[in-house]
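**Q** Before we start, here is the structure in question, set down as structure tokens.
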Amino acid sequence: MASFYRLKKLLNIYQCTHILQRPFTKSNLSTLSSTPISPKPINTLPSISQENSRIIYRLVYIFTKNLDSSKTQELDELGSKITTSIVENVLGKIKNWRKAHLFFNWAKNQEGYFHNCHTFNIMAECLSGVRQIASMRSLVNDVVKFQCCFTPHGLGFFIRCLGSQGLVNEANELFDHMKRMGLCVPNSFTYNCLLDAISKGGDVGLIELRLKEMCSYGWELDKYAYMPVLQCYCNARKFENALVVFNEMHEKELVDAHVLSILLVSFSKWGKVDKAFELVERIGDLNISLNEKTCFVLIHGFVREGRTDKALQLLDKMKKMGFVMDISVYGVLIEELSRNKEIEKAMQLYEDMNVSGIRPDIKILSDLISCVRDERDMIRILEGRYENLDRKARMLLYNSVLKRLINNVSTDKAYQLLCASACLDSGSDFNEDNLFPVKELACPNTVSFELVIDGLCRADRLELALSLFREMDHIGCKRSVLLYNNLIDSLSRSGRLNECYELFNEMKQSEFQPTHYTYNSIFGCLCRQGDDAGALSMVKEMRVHGHQPWIKYYTLLMQKLCKDGQAVKASNFLADMVQEGYLPDVVSYSAVINGLVKIKQLDEALNLFRGICARGYCPDVVAYNIIINGLCKDKRVLEAQDFLDEMIDKGLAPSVVTYNSLIDGWCKTGDVDRAIVYLTRMTEKEREPNVITYTTLIDGLCNSGKPDDAIRLLVKMETNGCSPNRITFMALISGLCKCGKPDDALIYLHEMERKDMKPDPSIYIVLIDAFIKNTNPNEACDLLQKVVRDEFLQDLNSKSRPILKEAILSLSVDPRTSSNVKILLEEGPLTALCNFSEIG
DNA sequence: ATAGGGTTAG
């Protein structure tokens, strides 16, 4: 009872028993007590008189064989004598549904005759069997129109027929109508049938409503009440509710293989593979067994979810249960295992198939070949199959072998096999090769060449690929667009533009017209080379043929031009594209705007930004970042903040980069407090500060004379799980030096050394300089001795050189260090660099 | 059988 309470709870009913009145009287209680499971109406026909037999015989004869006007009179006569029992008999004997229906409608119109519940049901069963939806609807109308009385069982059967054809509303309305008009007193069987019909439509609310009604009569729910509810919850993906129903059924020992399969198949459909398998494992305890069909559905479902592990386990169970295996189960499993490169398992299944005498089909064989470990396995799979296969199948297998070799980077082997099969000279002897027998499998076709040529291109064997392509003509193998495209793309990646154009022109003359891929390959080559004029003329050609230039290529061109300081040229290119009718992507505009920023043409950048906005573009976060960064670098931080507000207004979420730029902006304009405000704002907005954020601030704090805050921030970033990098340390070291704290700085230099981070040479110079200014020439001298080597001096930037020179000068005149510096100068490198003739 | 691009720190 506890579980029943749970379903009731689910339905939100506790004491509904009293709410609805029982629709039956004492007299028909007996009907309710028995709820037969058989859906068929039980026809206990009285024995048929001789006269009736004659009528039945004539009617069947006329309606199946000879329905023409000559029979009008006889029909009139027969019509006056028919009874429901006669009609039932006749309907049962007319096999053709159209003729049966015709007879049914004829009978309906006979004076004094009325169909009853049984004749309606025979007709309904017949019509639902042949899916005559419209006729069934008119049957429902007749039931209502003639106010036909139904037994509870009869109505249940009728409703189930309606449900099976998806006439859920009709079933539901008829049920209510019959009940309301007192034409039928539904019992639990009728309700069960109604639940079944509703479950076909999947209306969870409706089925719950009907279930509540049933509960309100105090009926004990049986298997046939639970099953449609379970099905309905399953179809509606109401996982928890389905489980409540299932568990309740289990407690009442109502679960059988069919119930189980409803739940299992749903679990697998929902991707709840583990749940499904758990249930499979529990089946032994439930003392029921799975049927074959459910297992197959489950295995397919598991594989679809990528759970070959569970699928294989289930397969194993099936074998133990003695089920006969299906090739399709092996097919899906081997396909998935091959894709996942689970070679051992795939081969194991293959062996299994051989043992159980299931012949693998071509798909399975080529899946296997695509994943085998080595050539031996390949041969093992192909062995004995050469003769039995047709040409097409052999071709497929042959190409699978090539594909496997190419994917295994055995490009040479694939090339040699292809040459051997095509009687081309590969420049090496293939006779001794393991794969020699495969050579006979098929004569290479276009796909074979596509595979090998693509492999050669990817292996950077472009010459070989090109010569193989040329050979195709000689052996009469058709080329393809794919071949041209791959070769042109490879040539373009090698910067061999002229050859690209040769093949391109050859294509234009051939039956293989260039595609957008062809155009873009060449376009990409021009962009990589920074050839804006060439790229533009290709854009024009693409325009003619209706192809789109790929964003990534013209963005690349933009970046290339900008890197060369030609942002204006880049900007013009995009304007030309617009002229051609293309709308360049925001990303390419961003690249140009950034290029303008980098050559200090900030106002040009702003103009371009505003220009594209005016033309309807919606710049994204990165585009805003570029503008904000540009303004910050130009110390126009307030304007940058305006852009920040603008992007937030547009619903764009500022990124870490946005905040970093603004923080840097305030730091560089000497307002480190405002910068710190952004740090807190970032945490509020769940934008985790990164190493750049902290480094920027550490630098800023030192420059504002707050070295202690800088050190505190370094500790904070580490506790926040952000590790400082060499740039952070270098910023801190030079920052502390600027603040006259070289002793503290030295600590972090040692920390860097401990972490195997190599500071820039200039850091040492900064430290040496700071120690001298801090009147600690000995420490400065020690550092100098430590680092001065040839390569150190070579790497030193021009800014540091005069400082170093000054430092040496200072140390050499200081009595505490002069002798050491002299020794150092005598060693060579410093003298040459600094040209200290005046020191003497 | 065809991509995934532009931004921040010393």
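**Q** What number of lysine-lysine pairs in region A:59-178 show an alpha-carbon separation below 21 angstrom, given a sequence spacing of 8 or more or placement on distinct chains?
**A** Taking region A:59-178 as the scope, the lysine pair count is 17.
**Q** Between helix A:168-180 and chain A, what is the angle of the helix's C-alpha long axis to the longest principal axis, kept within 0 to 90° and rounded to the nearest 10?
**A** Once rounded, the angle reads 50 degrees.
**Q** Now a separate question. Which of the lysines could a cross-linker bridge to A:K600, judged by Cα under 22 Å and excluding same-chain residues fewer than eight apart?
**A** In chain and number order, the partners are A:K560, A:K563, A:K569, A:K633, A:K635, A:K668.
**Q** In square angstrom, rounded to the nearest 10, how much accessible surface does A:T669 have for a 1.4 Å probe?
**A** 60
**Q** Carbon and sulfur together cover what percent of the accessible area of region A:495-616 at a 1.4 Å probe radius? Walk me through the numbers on the way to the answer.
**A** Values: 2860 of 5790 Å².
Carbon with sulfur: 49 percent of the solvent-accessible area.
**Q** Helix A:707-719: angle to the longest alpha-carbon principal axis of chain A, degrees 0 to 90, nearest 10?
**A** That works out to roughly 30 degrees.
**Q** Would you work out the relative contact order for region A:345-494, in percent, from Cα pairs under 8 angstrom that are 6 or more residues apart? Numbers along the way, then the final one.
**A** On the way: 138 pairs, mean separation 28.5, N = 150.
Worked out over region A:345-494, it gives 19 percent.
**Q** Take each of the peptides A:681-687, A:559-565, A:181-187, average the number of other beta-carbon atoms within 10 Å over its residues, and list them starting from the highest. If you can, show how the numbers build up before the last one.
**A** Details: A:681-687: 12.9, A:559-565: 17.0, A:181-187: 19.6.
Ranking the peptides A:681-687, A:559-565, A:181-187 by packing returns A:181-187, A:559-565, A:681-687.
**Q** Between the helical axis of A:586-598 and the dominant principal axis of chain A, each derived from Cα atoms, what acute angle in degrees is found, rounded to the nearest 10?
**A** Around 10 degrees separate the two axes.
**Q** More than 39 angstrom separation, counting every C-alpha pair in chain A; what % is that? Don't skip to the answer; put the middle values down first.
**A** Numbers: 248949 of 352380 pairs.
Everything past 39 Å amounts to 71 percent.
**Q** Please report the relative contact order for chain A, taking Cα pairs under 8 Å with a sequence separation of at least 6, and give it as a percent rounded to a whole number. Walk me through the numbers on the way to the answer.
**A** Details: 953 pairs, mean separation 33.7, N = 840.
Relative contact order for chain A comes out at 4 percent.
**Q** Return the sequence-ordered ³J(HN,Hα) values of region A:549-560 in whole Hz as given by the Karplus equation 6.51 cos²θ - 1.76 cosθ + 1.60 applied to θ = phi - 60°, using x for Gly and Pro.
**A** x, 6, 4, 4, 6, 6, 5, 4, 4, 4, 5, 5
**Q** Sticking with this one: If you roll a 1.4 Å probe over the heavy atoms of the protein chains, what accessible area per residue do you get for region A:182-336, in Å²?
**A** On the way: 5990 Å² over 155 residues.
That works out to 39 Å² for each residue.
**Q** Ordered by residue, what ³J(HN,Hα) values in Hz, to whole numbers, does region A:48-64 give under the Karplus form 6.51 cos²θ - 1.76 cosθ + 1.60, where θ = phi - 60° and Gly and Pro are x?
**A** Result, ordered by residue: 9, 6, 4, 4, 4, 4, 5, 4, 4, 4, 4, 4, 4, 4, 5, 6, 8 Hz.
**Q** Please state the relative contact order of region A:637-754 as a whole percent: Cα pairs under 8 Å, 6+ residues apart? Walk me through the intermediate numbers first.
**A** On the way: 130 pairs, mean separation 22.3, N = 118.
Computed over region A:637-754, the figure is 19 percent.
**Q** Same structure again: Along region A:479-494, what does the Karplus equation 6.51 cos²θ - 1.76 cosθ + 1.60 (θ = phi - 60°) give for ³J(HN,Hα), rounded to whole Hz, x for Gly and Pro?
**A** Result, rounded to whole Hz: 7, 8, 4, 4, 4, 4, 4, 4, 5, 5, 4, 5, 4, 5, 5, 8.
**Q** Using Cα centres only, tell me the gap between region A:449-464 and region A:101-159 in whole Å.
**A** 72
**Q** I need the calculated FRET efficiency for the pair A:E499 and A:V622, taking r as the beta carbon distance and R₀ as 45 Å, to the nearest 0.05. Numbers along the way, then the final one.
**A** Numbers: r = 37 Å, r/R0 = 0.82.
That pair, A:E499 with A:V622, gives E of 0.75.
**Q** How would A:I159, A:I692, A:I288 rank on accessible area, largest to smallest, probe 1.4 Å? It would help to have the intermediate numbers written out before the result.
**A** Numbers: A:I159 0, A:I692 100, A:I288 40 Å².
Output order, biggest surface exposure first: A:I692, A:I288, A:I159.
**Q** Report the calculated FRET efficiency for A:D429 and A:D790 (r = Cβ-Cβ distance, R0 = 56 Å), to the nearest 0.05.
**A** Numbers: r = 55 Å, r/R0 = 0.99.
That gives a FRET efficiency of 0.50.
**Q** Just read off the accessible area of A:H300 with the full protein assembly in place, 1.4 Å probe, to the nearest 10 Å².
**A** 60
**Q** With every protein chain present, what accessible area does A:E502 have (1.4 Å probe, heavy atoms only), rounded to the nearest 10 Å²?
**A** A:E502 has an accessible surface of roughly 120 Å² with all protein chains in place.
**Q** Next up: Structure shown: which of A:K179/A:K200; A:K598/A:K799; A:K706/A:K786; A:K320/A:K363 lie over 25 Å apart, alpha-carbon to alpha-carbon?
**A** On the way: A:K179/A:K200 22 Å; A:K598/A:K799 22 Å; A:K706/A:K786 30 Å; A:K320/A:K363 27 Å.
Checking Cα-Cα distances, A:K706/A:K786; A:K320/A:K363 exceed 25 Å.
The values are calculated or read from the model by the stated rules, or taken from the named source; none is laboratory data. Keep in mind that this is a model prediction, so the values were computed, not measured. Cβ atoms come from the backbone with ideal geometry, glycine included; neighbour counts cover every protein chain shown. Protein only, heavy atoms only, side chains kept; ligands, DNA and RNA dropped before computing areas. Shrake-Rupley method; radii C 1.70, N 1.55, O 1.52, S 1.80 Å.
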